[in-house]
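Some notes on the structure that comes next.
The values are calculated or read from the model by the stated rules, or taken from the named source; none is laboratory data. Just so it is clear, the structure is predicted and the values come from calculations on it, not from any experiment. Virtual Cβ from ideal backbone geometry, glycine too; neighbours counted across all protein chains shown. Note: areas computed on protein heavy atoms with side chains; ligands, DNA, RNA excluded. Shrake-Rupley method; radii C 1.70, N 1.55, O 1.52, S 1.80 Å.
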Amino acid sequence: MMERLGTFWDPDDHREALDMDEMVNLFTEDEPSLDEVKQAFSVFDKNNDGYVDAKELQNVLSNMGFLHICESDCRRMIVSYDADKDGKLSFREFLKVVEDGFR
């Protein structure tokens, strides 16, 4: 799972667009344990505030090779799972992204 999140990012992968379905599909290979999901969340939650905001999402996706994704694209992705409408993903909301990847 961490490989799919870019921990072992392949610099030859030059994909330039990502939609919410593709983001969800980052988690569809083998069902991760709760600890793996927590580890993945920490990759996105760069400032360790317990949330993933659009800037953090953009940063991780850019590091994964999605270089043309802007912050507004990331805000649109977050809206799909932002149950409390605060503009960012809590761990619980992030877990929903992962769970939906296995349906």
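Could we say that residue 87 is modelled with pLDDT of 90 or more and touching a helix residue (DSSP H, G or I) at 6+ places or on another chain (Cβ under 9 Å) here? Before you say what the answer is, go through the steps one by one.
Values: modelled with pLDDT of 90 or more: yes; touching a helix residue (DSSP H, G or I) at 6+ places or on another chain (Cβ under 9 Å): yes.
Against the criterion (modelled with pLDDT of 90 or more and touching a helix residue (DSSP H, G or I) at 6+ places or on another chain (Cβ under 9 Å)), residue 87 qualifies.
Just one of (1) of a type outside the set (Asp, Glu); (2) out of contact with any Phe, Trp or Tyr (no Cβ under 6 Å at 6 or more places or on another chain); (3) modelled with pLDDT of 95 or more; (4) under 16 Å from residue 82 (Cα atoms) trips up residue 48, so point out which.
In the conditions (1) of a type outside the set (Asp, Glu); (2) out of contact with any Phe, Trp or Tyr (no Cβ under 6 Å at 6 or more places or on another chain); (3) modelled with pLDDT of 95 or more; (4) under 16 Å from residue 82 (Cα atoms), residue 48 misses (4) alone.
Does the range 81-95 contain at least one residue that is under 11 Å from the mean Cα position of the chain (by Cα), of a type in the set (Gly, Ala, Ser) and surrounded by 16 or more Cβ atoms within 10 Å (Cβ to Cβ)?
Within the range 81-95, not a single residue is under 11 Å from the mean Cα position of the chain (by Cα), of a type in the set (Gly, Ala, Ser) and surrounded by 16 or more Cβ atoms within 10 Å (Cβ to Cβ).
Pairs only if they're at least six apart or on different chains, beta carbon under 7 angstrom, first in the range 46-59 and in contact (Cβ under 8 Å) with a residue 12 or more places away in the chain and within 16 Å of residue 71 (Cα to Cα), second open to solvent by 70 Å² or more (accessible area, probe 1.4 Å) and among the basic types (Lys, Arg); list them, first residue then second.
Every condition considered, the pairs that remain are 54/75; 56/46; 59/46.
Take the residues of the range 54-72 that are more than 22 Å from residue 32 (Cα to Cα) and in contact with a Leu (Cβ under 8 Å, 6 or more places away or on another chain): which is surrounded by the fewest Cβ atoms within 10 Å (Cβ to Cβ)? It would help to see each step written out before you state the result.
Residues of the range 54-72 that are more than 22 Å from residue 32 (Cα to Cα), as a first pass: 54-55, 58-59, 62, 65-72.
Next cut, in contact with a Leu (Cβ under 8 Å, 6 or more places away or on another chain) only: 66, 69.
Values: 66: 21, 69: 19.
It comes out as 69.
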